[in-house]
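The values are calculated or read from the model by the stated rules, or taken from the named source; none is laboratory data. Being a predicted model, the structure only gives us computed values, none of them experimental. Note: ideal-geometry Cβ built from the backbone for every residue, glycine included; neighbour counts use all protein chains shown.
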Amino acid sequence: MKALRIAGIAGLTGLAIATVLGPDITGYDPARQDLRAILVPPGTGGHMLGTDHLGRDLAARLLGGAQITLGLAGFAVASAALLGVSLGVVAGWRGGWVDRLFGLFSDSVLALPGLLLVLLLAAIHPNSWWTLYIGLSLTLWVEFFRVTRVRTRIVVASPAVEAAELLGLGKWHVLRRHLVPDFADQLLTLAAFGAATVVTALATLGFISVGLRPPTPEWGVMMAEMMPSWREAPWAIAAPVLCLAFTVLSLRFAAGVEEER
């Protein structure tokens with residue numbers, strides 16, 4: 001395992017631990033305002049990373065944002081993988097009109113840019129975690145479907161699967177012993193890149209006030225809130241930016257991005 005992948009996995013492990021522990025480890029409520037401690041520098045008054053323009057503890061808000069961002073990314077990717085892999089296996093195994101129908105459906109989804117689909121759903125029901133979850137899941141499942149369908153076609157036509165069918169072994173045996181081991185690594189890579197896409201999209205939508213909105217401690221929302229005060233408190237806007245960059249890089253390194261170069 002290469003150095004960048006190890007670094008990515010270590011970064012994701014640290015993020016997971018911080019997310020599970022949450023804002024409670026800071027001793028502050030991420031929504032609690034203290035107008036006597038506005039834009040306090042890091043390390044002052046017990047605030048490890050300082051405070052924002054309303055006196056809220058930045059470390060607590062970053063950890064609260066990690067729970068929202070990584071939780072949404074995990075649920076969206078898991079749902080997209082479940083849908084995409086299920087349809088891909090059925091399409092690749094059955095072939096014929098089933099394969100053409102599912103392929104047409106996936107092409108129809110690709111015809112609409114993913115971020116635009118999320119924007120449309122967010123406009124219908126703004127500031128909703130579930131709306132973002134549904135929209136992001138619908139934009140991610142196609143890649144899982146396409147990879148799974150292609151690999152299923154190849155594996156089903158292989159001599160090993162033909163021999164298993166001649167021996168009377170069921171479809172569950174073929175799925176468990178031949179199909180899943182064949183595309184498991186590719187699906188994990190897609191999941192990592194998909195999670196990075198969700199994290200970036202969520203921050204983008206929050207920054208332009210289309211996704212989650214204040215006072216939700218989401219990283220994109222935090223960036224938008226601190227933009228007017230970036231000269232007085234550059235640390236306050238740098239904190240969510242660095243968290244976003246660290247998360248995306250960890251996901252991409254864990255996916256083995258260095259192997260593509």
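Scanning segment 60-74 for residues that are free of Cβ contacts under 8 Å to residues at least 60 places away in the same chain and either in contact with a Leu (Cβ under 7 Å, 6 or more places away or on another chain) or farther than 21 Å from residue 236 by Cβ (or both) yields a single hit, 71.
Selection over segment 95-118 of residues that are without any contact (Cβ under 8 Å) to a residue 24 or more places away in the chain, in contact with a helix residue (DSSP H, G or I) (Cβ under 9 Å, 6 or more places away or on another chain) and closer than 16 Å to residue 152 by Cβ gives a count of 3. Residue 44 meets each of the listed conditions (1) more than 29 Å from residue 155 (Cβ to Cβ); (2) surrounded by 15 or more Cβ atoms within 10 Å (Cβ to Cβ) apart from (2).
From the list 203, 238, 245, pick out the single residue that is at pLDDT 85 or above and either over 16 Å from the mean Cα position of the chain (by Cα) or over 23 Å from residue 74 (Cα atoms) (or both).
Matching residue, one of 203, 238, 245: 238.
Checking segment 235-246 against the condition returns a match, with at least one residue being farther than 28 Å from residue 142 by Cβ, surrounded by 21 or more Cβ atoms within 10 Å (Cβ to Cβ) and among the small types (Gly, Ala, Ser). Of the residues making up segment 206-224, not one is at pLDDT 90 or above and basic (Lys, Arg).
Determine, yes or no, whether residue 78 is closer than 27 Å to residue 16 by Cα and surrounded by fewer than 18 Cβ atoms within 10 Å (Cβ to Cβ). Step through it out loud before you land on a result.
Numbers: closer than 27 Å to residue 16 by Cα: yes; surrounded by fewer than 18 Cβ atoms within 10 Å (Cβ to Cβ): yes.
When the stated conditions are applied, residue 78 passes them.
The set of residues in segment 177-196 that are touching a residue at least 60 places away in the same chain (Cβ under 8 Å) and not hydrophobic (A, V, I, L, M, F, W, C) comprises 189, 194.
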